[in-house]
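Notes for the one structure printed next.
Please treat every number below as a calculation from the coordinates, not as lab data. The model shown is predicted, which means the values in this text are computed figures rather than measured ones. Counting neighbours? That spans all protein chains shown, and the Cβs are built from the backbone with ideal geometry, glycine included.
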Ligand code: BGC
C-alpha cells in the first residue's frame, strides 16, 4: 500500500465528547454525498449493456415469476414488463444534471460520485469525442460551483460496443485501451478533479458476468472469469501510474464491494472453509493484486451474505429491503474494522437500499452511520460517506423496479420528488453528526 496520506483527520474531539452527549459527531471536513453511474441515470447510452438489454428483456421479464418472492411480485408488477429491462431514457440525467445538482445542494451534500460513460467519450476505436468530454467538464463545473466535490469513476461496468466486439475485458490489450481512454479523460478534467476511481466493483462484475452469467458478457466460464479478474487488476495498476504522471494531485482508488460473509451453518467445518474462501476472493484478493497502487480506499457495503452448503443456523432475517437483501448495519462496522489494517484514508463510496415506500431508508442511513462512527472512534480513518443512490435508477438486470433513490423518479414525466429520508440525511449532514 502507498504511504498513508499526510494530514490525517483528527478524531481527538470524538474521544473527548462528553459521555452524556446524545450526539455523534463526525470528523471535520467529512464528505457527505450520494452516487450515480452513467448507464443507470444518463439515458440514451449505446454500449454493450444496451445491446444485452435488447436481447434479454423478454427473458428477464419471464424469469421474474421464479426469481422473486410473491410479496415482491405483488408489489412490483412492472417486473413482468419487458420494457422494465430497457435502460432507454433512464432518468435523463444527461440533460437534467443541473436540476439534480440543485437538489443535492438543497440537501446539503458536499460530494458526488458519478461515472464517465466510455462509449460516449470513445464511440469508435481510438476516436474521441471532444463534445462529450466538454459535457462532463460542464457537469464538474456545475458541481464545483455548488461547492460539491466530484468523485469521478472511469468505468462503471459498461463498454463501448467496438470493444465488447473485440472480447471486452478479455482482449489482450484491454488494459492499454483502458489507459488510452483514462488518459484522455484525466487530461481533459484534471484541473477540477482530485478524486478518481478507476474501476467500479470489479469483483461484482466478474461474478455476474463470468460466473453466474447474469450480466454481459454472460459467459459462465471460470477460466475466463479468472483471466478477466486479472486483466481488470492490470488495467487499474497501469492507469494508476499513468494518471499520476498526468496529475500530481490526483488521488486514485478502485471501488471494492465488501460483503460481511458468515458461514451458513456456524457448526459446519465445510461451511466455514467455503465462507473463508469466498471471503478471500470477494474481499481480499483484489486488494492484493493491486497492492501499492491505492491512495485511499473506496469501499461499498450493502449486506451480509450467508455462505455454505448447510442449513442456515443463523436466525432468518426479518429486516429486508425490497430486493430481499438483509439490512445489517453492524456489517459496515466489521468491514471497516477489517480494512483499517491497510492504513489508508477510507471513503464509503456506496451504501444503500431499495425501498420504494421510503419506510426504512432513514433508519438504514442513521444505523449504518452509527456503526461508521463506532469504527472511526476505534481508529478507522473514514473521511466520507456516499449514499447509493441520489436518484432512483436503472438497476442493471433488474431494471427500474428497485427504488434506491433519495429522490424518486417518475419515469414517464421525469418529475423528481425528494423523499423524506433525503431530508433526514440532510439533517445529519447539516449537523455533521447524528442525534441519538
Ligand atoms: C453498484 C450499483 C448498483 C448497486 C445496487 C452497486 O454494487 O455499483 O451500480 O446499482 O450496487 O445494486
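Observations on the structure shown:
- Filter pass, residue 172 being closer than 17 Å to residue 238 by Cβ and either in contact with a strand residue (DSSP E or B) (Cβ under 8 Å, 6 or more places away or on another chain) or not in a helix (DSSP H, G or I) (or both): yes
- Any hit, the range 413-422, residues being surrounded by 21 or more Cβ atoms within 10 Å (Cβ to Cβ), touching a residue at least 40 places away in the same chain (Cβ under 8 Å) and more than 14 Å from the ligand (Cβ to nearest atom): yes
- Index of the failed condition, residue 58 passing every other in (1) exposed (fewer than 15 other Cβ atoms within 10 Å of the Cβ); (2) touching a strand residue (DSSP E or B) at 6+ places or on another chain (Cβ under 8 Å): (2)
- Scan the range 269-297 for residues that are more than 26 Å from residue 225 (Cβ to Cβ) and either in contact (Cβ under 8 Å) with a residue 24 or more places away in the chain or within 20 Å of the chain's Cα centre (by Cα) (or both) and the total you get is 2.
- Among the conditions (1) out of contact with any strand residue (DSSP E or B) (no Cβ under 6 Å at 6 or more places or on another chain); (2) farther than 20 Å from residue 243 by Cα, residue 117 misses just one, which is (2).
- Qualifying residue in the range 179-189 (condition: more than 18 Å from residue 288 (Cα to Cα) and in a loop (DSSP other than H, G, I, E, B)): no
- Considering residues of the range 318-341 that are outside any helix (DSSP H, G or I) and away from the ligand (no atom under 16 Å from the Cβ) only, the residue nearest to residue 301 (Cα to Cα): 329
- The range 238-258, residues that are outside any loop (DSSP other than H, G, I, E, B) and more than 20 Å from the chain's Cα centre (by Cα): 238, 241, 242, 243, 244, 245, 246
- For the range 374-393, a tally of residues being farther than 22 Å from residue 405 by Cα and either out of contact with any helix residue (DSSP H, G or I) (no Cβ under 8 Å at 6 or more places or on another chain) or within 15 Å of the ligand (Cβ to nearest atom) (or both) returns 1.
- Residue 402 meets each of the listed conditions (1) away from the ligand (no atom under 16 Å from the Cβ); (2) surrounded by 18 or more Cβ atoms within 10 Å (Cβ to Cβ); (3) assigned to a loop (DSSP other than H, G, I, E, B) apart from (1).
- Residue 48 vs. criteria under 23 Å from the mean Cα position of the chain (by Cα) and surrounded by 13 or more Cβ atoms within 10 Å (Cβ to Cβ): yes
- In the range 342-363, residue nearest to residue 427 (Cα to Cα) [restricted to those that are touching a strand residue (DSSP E or B) at 6+ places or on another chain (Cβ under 9 Å) and not in a loop (DSSP other than H, G, I, E, B)]: 361
- Residues being closer than 24 Å to residue 56 by Cα, surrounded by fewer than 18 Cβ atoms within 10 Å (Cβ to Cβ) and over 22 Å from the mean Cα position of the chain (by Cα) - total across the range 213-236: 4
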